[in-house]
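Undergrad: Following this message is one structure expressed as structure tokens.
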């Protein structure tokens with residue numbers, strides 16, 4: 001794709017990000033590509049703009065997000081169904097989603113302008129909470145949906161079904177349903193496997209399971225996962241990509257499936273998921 005208009009969104013509290021935003025915008029302008037700024041990003045760059053993230057997404061062909069992986073998750077959460085291609089530039093440590101560093105922003109801009117960018121189609125998950133005849137609107141996440149016990153230090157019991165067939169009742173601190181992109185986030189910390197981000201599958205990972213035979217399970221991308229909190233006395237909360245928790249009332253069923261939309265995640269031509277894994281996890285091969 002040859003983007004004519006680019007939107008820039010930055011993490012407002014990253015050091016030096018205002019100067020970086022101005023430098024990126026100047027590079028785009030030099031290459032005759034219009035660069036629009038999100039309002040908070042404009043403020044830290046000493047500019048003025050009234051675009052919210054949703055409005056910026058609607059007005060542009062591609063979004064450049066400067067920050068960390070969490071910044072991209074926040075942007076995806078606010079865009080919802082109006083998802084746009086995203087190119088992440090990390091300000092700080094290397095990320096799984098932000099694979100270009102702020103030091104080589106010129107190369108990033110040039111590659112975008114000359115259509116020398118790779119796009120990875122990342123599956124999103126869609127969650128709904130249903131209680132009797134009522135259900136919430138669809139909620140989208142790039143990484144994961146987490147059911148947990150909130151602040152109480154006790155286990156929760158979560159009846160889980162896949163494609164209408166009982167899987168098990170997880171007795172754990174919580175349960176993570178992660179996309180293949182999210183497999184390197186909370187699910188990995190909880191002992192789940194690393195998945196190729198374009199594999200499209202889901203992984204269900206219990207958090208600190210009480211039953212030691214409870215393990216991660218990988219299910220196909222077309223699966224419908226239903227989770228019901230079965231403990232009558234203690235609240236359960238649903239969190240999507242680390243956003244504000246939603247209280248799941250007793251008797252509610254949380255349904256998770258693959259969303260119809262995907263996120264086109266852009267990266268530089270020489271960037272690869274496995275090189276990021278090697279760097280992040282310090283896999284340097286055998287020392288023998």
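Read-outs: derived from the displayed coordinates by stated rules, not from any lab. Since the model is a prediction, treat every value here as computed from it, not as a measurement. A quick note on method: Cβ atoms are made from the backbone with ideal geometry, for glycine too, and the neighbour counts reach across all protein chains shown.
Undergrad: Using 0.36 nm per residue, how much length does the chain from residue 199 to residue 134 gain when fully extended, once their Cα-Cα distance is taken away?
TA: Numbers: separation 65, 0.36 × 65 = 23.40 nm, distance 3.31 nm.
Using 0.36 nm per residue and subtracting the Cα-Cα distance, I get 20.1 nm.
Undergrad: For the residues 40, 133, what sequence is obtained by ranking on other C-beta atoms within 10 Å, fewest first? Present the calculation step by step, with values, prior to reporting the outcome.
TA: Numbers: 40 16, 133 5.
Least to most surrounded, the residues fall as 133, 40.
Undergrad: Using the per-residue mean of other Cβ atoms lying within 10 Å as a proxy for protection, in what order, highest first, do the peptides 107-117, 80-90 fall?
TA: Values: 107-117: 17.3, 80-90: 20.5.
Top of the packing list down: 80-90, 107-117.
Undergrad: Let me ask something else. Based solely on its DSSP helices, what 222 nm [θ] is calculated for the chain when runs of n ≥ 4 H residues each add -39,500 (n - 2.57) and the sum is averaged over all residues, nearest 500 deg cm²/dmol? Write out the running numbers ahead of the final one.
TA: Numbers: 7 runs with 59 residues, N = 288.
Helices in the chain give a 222 nm mean residue ellipticity of -5500 deg cm²/dmol.
Undergrad: Now a separate question. May I ask you to sort 234, 186 by Cβ crowding, counting other Cβ atoms within 10 Å and putting the fewest first? The partial results should precede the final answer.
TA: Numbers: 234 14, 186 20.
In increasing order of surrounding Cβ atoms, one gets 234, 186.
Undergrad: So how do 248, 65 line up by other beta-carbon neighbours within 10 Å, fewest first?
TA: Numbers: 248 22, 65 28.
Ordered by Cβ neighbours within 10 Å, fewest first: 248, 65.
Undergrad: Residue 5 to residue 171: extension gain in nm, 0.36 nm per residue of separation minus the Cα-Cα distance? Numbers along the way, then the final one.
TA: Numbers: separation 166, 0.36 × 166 = 59.76 nm, distance 4.94 nm.
This chain segment gains 54.8 nm when fully extended.
Undergrad: Whole percent per 5 Å bin, from 0 to the bin with the longest distance: what is P(r) over all C-alpha pairs of the chain?
TA: 1, 6, 12, 16, 17, 14, 12, 10, 7, 4, 2, 0, 0
Undergrad: With every atom except the alpha carbons ignored, what do you get for Rg and Dmax of segment 1-130, in angstroms?
TA: 14.0, 51
Undergrad: Among the DSSP beta bridges whose two residues both lie in the chain, what percent are antiparallel, rounded to the nearest 5? Can you show the working numbers first?
TA: Values: 54 of 73 bridges.
About 75 percent, rounded to the nearest 5.
Undergrad: Turning to a different aspect of this structure: Set the Förster radius R0 to 35 Å, insert the Cβ-Cβ distance between residue 255 and residue 153 as r into 1/(1 + (r/R0)^6), and round the FRET efficiency to 0.05. Don't skip to the answer; put the middle values down first.
TA: Details: r = 28 Å, r/R0 = 0.80.
Computed FRET efficiency for residue 255 and residue 153: 0.80.
Undergrad: Only Cα pairs under 8 Å and at least 6 apart count here; give the relative contact order of the chain as a rounded whole percent.
TA: Taking the mean separation of contacting Cα pairs over the length of the chain, I get 19 percent.
Undergrad: With each pseudo-label sitting 7 Å past Cα toward Cβ, what's the residue 280-residue 233 distance in nm, one decimal?
TA: 3.9
Undergrad: Also, quick follow-up: Choose one answer from 136, 99, 184: the residue with the largest mean-square fluctuation in a GNM of the chain with alpha-carbon springs under 10 Å.
TA: 136
Undergrad: If I stretch the segment between residue 220 and residue 19 completely, what's the gain in nm (0.36 nm per residue apart, minus their alpha carbon distance), one decimal?
TA: 68.0 nm
Undergrad: At a Förster radius of 30 Å, what calculated FRET efficiency corresponds to the Cβ-Cβ distance of residue 114 and residue 59, to the nearest 0.05?
TA: Working: r = 23 Å, r/R0 = 0.76.
E(calc), rounded to 0.05, equals 0.85.
Undergrad: What is the list of residues in segment 16-33 whose amide nitrogen lies under 15 Å from a point 7 angstrom out from the Cα of residue 47, following Cα to Cβ?
TA: Of the residues in segment 16-33, 17-33 have backbone N under 15 Å from the label point off residue 47.
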